[in-house]
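A short worksheet on the structure shown next.
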Amino acid sequence: MASPFSGVLQLTDLDDFIGPSQECIKPVKVDKKPGSGIAKIHIEDDGSYFQVNSDGKTQKLEKAKVSLNDCLACSGCVTSAETVLITQQSHKELQKVLNANKVAAPGQQQLVVISISPQSRASLAAKFQLDPSDTARKLTSFFKKIGVHFVFDTTFARNFSLLESQREFVQRFRGQANSKEALPMLASACPGWICYAEKTHGNFLLPYISTARSPQQVMGSLVKDFFAQQQHLTPDKVYHVTVMPCYDKKLEASRPDFFNQEYQTRDVDCVLTTGEVFRLLEEEGVLLSELEPVPLDGLNKDLQEVTLERNGQVLLNFAMVYGFRNIQNLVQKLKRDRCPYHYVEVMACPSGCLNGGGQLKAPDVQGRELLQQVERLYSMVKAEAPEEALGVQELYQHWLQGENSEQASRLLHTQYHAVEKTNSGLGIRW
């Protein structure tokens, strides 16, 4: 059977595949002490085993356990852990979580988040003969129909990873003489390559490898830290799934480096390959091309930045800042003369007016689902540019010209006034 993992992981021609129910045996060096007798191991039918000493006495031994992390850390075979990984990270595991959510008590559900890579999106687009953007929206529709709460695009995290890689390279280049990290800097986003480098060349290659996290793991950090805080949840209450183009990403997600000891959770709980998503579609009896598209969710909705560039040169910076936490950060930047924006849309409510205090509300998770539905319906309303809106341009030009122009200017503008601070005795801080 050919391995679905990348060829670089198969370092020998040995057939060392094992299933989760089989045993992994690693030879252990035993120092023979003078005068010690010869012992035998007796295995019972139920799998328990005993040490039988030369004097006939028996001693029950505990079963040796080899975890997935033990396999990945071992300098021997790699492929022995593959079937374990495929069992632990599959669309069946996602279905288990979704089914558990359906019967869970209110407030006991896990928030299920899926992050889709652009490579997987392109592959599915080719399969179903769709536009990549339509594919993303149709996938969002499918995942939300089966119980997923949020669907993100990992392109956002890829930009994070590229910026960090760029910064690291510049630091290495400028301080090469005194740096322990050498040039050329080798990219680290491919887990198959990293596994090969660590196990076959070790300390020789490690100084060259970029320490920037891959887009998948940056997305894991954003979802389990930044996004979880936004949702007022601890990381273990968020179940994060990524859709990736290769099986090696399952290896990456399982690395102990990406495990949160405090909350006993991984940055990425489950990795599905593009093929596994296709099988999930087949099992659910869904044809992707027939689904109604739904917009992808945005990870950073309350703080969005847009840059206008020409020939690679930044001309203008725009931003949307929602919620008082982000407003306070904006004000601090202004006070320190470090605000990079030319125009900012500011709103007091998180998620803007769609989440205004006068809107219809629903509790907890249902409230988030209601807001998503409101956002989806609002996005379906076609927005027209002001200069294209019927009648607006004509009235605007007529009102601002001639003898009415001064009056119109007064009617279209206002003034704002500083309010004197008074000691009200209330401990209010803005």
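Working note: Cα atoms of region 285-380, range along each principal axis, descending, whole Å: 54, 38, 18.
In this structure, GLN261 and LEU360 have a Cβ-Cβ separation that, at R0 = 60 Å, corresponds to a calculated FRET efficiency of about 0.90. With a Förster radius of 51 Å applied to the C-beta separation of GLU164 and ILE43, the computed FRET efficiency comes to 0.50.
Here the calculated FRET efficiency for HIS201 and SER54, from their Cβ-Cβ distance with R0 = 41 Å, stands at 0.35, rounded to the nearest 0.05.
Taking 0.36 nm per residue of separation and subtracting the current Cα-Cα distance, fully stretching the chain between VAL286 and LEU186 would add 31.9 nm. In this structure, the amide hydrogen of ILE209, modeled 1.01 Å from its nitrogen in the peptide plane, lies closer than 5 angstrom to those of LEU186, counting only residues at least 5 positions away or on a different chain.
Computed extension gain for ARG336 through VAL374, at 0.36 nm per residue and net of the alpha carbon distance, reaches 10.0 nm.
Peptides 187-193, 96-102 ranked from most to least packed by the mean count of surrounding Cβ atoms within 10 Å: 187-193, 96-102. Subtracting the Cα-Cα distance of ASP236 and GLU305 from their residue separation scaled by 0.36 nm leaves 21.9 nm. Label sites at ALA100 and GLU394, each approximated as a point 7 angstrom past Cα along Cα to Cβ, lie 6.3 nm apart. Of LYS224/LYS249; LYS127/LYS199; LYS144/LYS237, which sit over 28 Å apart, Cα to Cα? From the list (LYS224/LYS249; LYS127/LYS199; LYS144/LYS237), the Cα-Cα distance tops 28 Å for LYS127/LYS199. What percent does the relative contact order of region 220-293 come to when contacts are Cα pairs within less than 8 Å and at least six residues apart? Value for region 220-293: 31 percent.
We did not get these values from a lab; they are worked out from the coordinates using the rules stated. Since this is a predicted model, take the numbers as computed values, not measurements. Note: ideal-geometry Cβ built from the backbone for every residue, glycine included; neighbour counts use all protein chains shown.
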